[in-house]
Amino acid sequence: MAIVMAIGIVTQGVLLNYFGVQFFQHIFGKILCIINLSLWFAFIFSFFIASLDGKFKDIHYSNVINRFGIGTWVAGTSISGILFYKQFFHWGFISEIIAFINIGLWIIYIGICVKTFIEIFRTKSYQNVHGILLLTTVSTQSIVLLLNTVFIEFPDIFNLSLLIIGFCFYLVCVFFILSRYINHSWSIEMDWNNTNCILHGALSISGIACLVTGIISIDIIRLIWRAALIIFIAVEAVELYRLFRRIKHYGFREAILIYDVTQWSRVFTFAMFYTFTSLFHTHLFIGSFVIDTILKVGVWVVIILLIIELMLSLRDAIETYKQSFREIGKENEVSTPYIKS
């Protein structure tokens, strides 16, 4: 679902804001939306298959930290509901159904996360936590965006409640992540996770949610954007240093050209920060050299990151298929008896 989140925000956020509504309504924009919705449906179907096979718990729940990854289902469903509503407005009732289902999924997810937060806090097992925890904030604010898109006038009291819940989760997650990196030994090559970029991505989607609801003051939104910018610079500086160290330690190929599903979080967070900056600039008419640079250069950075990630994922899929094919061939060789002619 991280893939759905990333492609969704690139389409609905970055490309729409840079190229305009004409692009979004053009055939290319529609194709991107249909591809993303197809991926979303395929992943939903795979979750049902995993449940029927009895593998759901082992894959998604047994690992304490991986439980937070369920937040990608909520956020991915939110962006899919928004895309469906924007592209197929005459079938808006389907987006409403998706919204109600997603609210139920979010409630279950938050219940799981709260239980897990308490478990980690009681056992003081901070050594494995990372940015994936921040999906609690991302999923919550994605619900705000979905509900305010699908329903014309969503009550301010519910908007405010969800925004506060999202920000509270952000503070809790930052506490847990800082506890991990301050109180435990770690190496930047092995222990700095790709998902830590959600530190700024979660703030960006929170800022977008504040803008969309229209109930938060301009001054607070300006502070959120500045905080997101500072954290973006700090986190990505660490990422660059980590990249340098990994190249030195593992070599160029092993350091860069290795696919990991968590890398999609970088595409998502970069696209989210660009979208926040674009909306911040458009709604509040605030401009500066920094903002103008982000809007002019950022779009191409996001597109390049997306292309690279698509290429790496495709190569990984091909290699996985070849490996599976070889294993099946070996099994057939062993199971087939030798017959003399």
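For residue 50, the conditions (1) without any contact (Cβ under 8 Å) to a residue 60 or more places away in the chain; (2) closer than 21 Å to residue 276 by Cβ are fulfilled apart from (2). A count restricted to segment 178-202 and to residues that are in contact (Cβ under 8 Å) with a residue 40 or more places away in the chain and aliphatic (A, V, I, L, M) stands at 4. The residue list 62, 46, 51 contains one member that is surrounded by fewer than 15 Cβ atoms within 10 Å (Cβ to Cβ), more than 22 Å from residue 103 (Cα to Cα) and modelled with pLDDT under 85, which is 62.
Of the listed requirements (1) in contact with a helix residue (DSSP H, G or I) (Cβ under 7 Å, 6 or more places away or on another chain); (2) closer than 28 Å to residue 125 by Cα, residue 215 misses just one: (2). Of all positions in segment 293-310, at least one carries a residue that is over 20 Å from residue 79 (Cβ atoms) and either touching a residue at least 40 places away in the same chain (Cβ under 8 Å) or polar (S, T, N, Q) (or both).
Counting the residues of segment 93-135 that are farther than 22 Å from residue 261 by Cα, touching a residue at least 24 places away in the same chain (Cβ under 8 Å) and either in contact with a Lys or Arg (Cβ under 8 Å, 6 or more places away or on another chain) or assigned to a loop (DSSP other than H, G, I, E, B) (or both) gives 4.
Of the residues making up segment 144-195, those that are within 30 Å of residue 258 (Cβ to Cβ) and not aromatic (Phe, Trp, Tyr) number 18.
Going by the conditions given, is residue 23 more than 30 Å from residue 115 (Cα to Cα), free of Cβ contacts under 8 Å to residues at least 12 places away in the same chain, in contact with a helix residue (DSSP H, G or I) (Cβ under 6 Å, 6 or more places away or on another chain) and not hydroxyl-bearing (Ser, Thr, Tyr)? So residue 23 passes the test.
The values are calculated or read from the model by the stated rules, or taken from the named source; none is laboratory data. The structure presented is a predicted model; accordingly, all values stated were derived computationally and were not measured. Here Cβ is always computed from backbone atoms with ideal geometry, including for glycine, and neighbour counts include all displayed protein chains.
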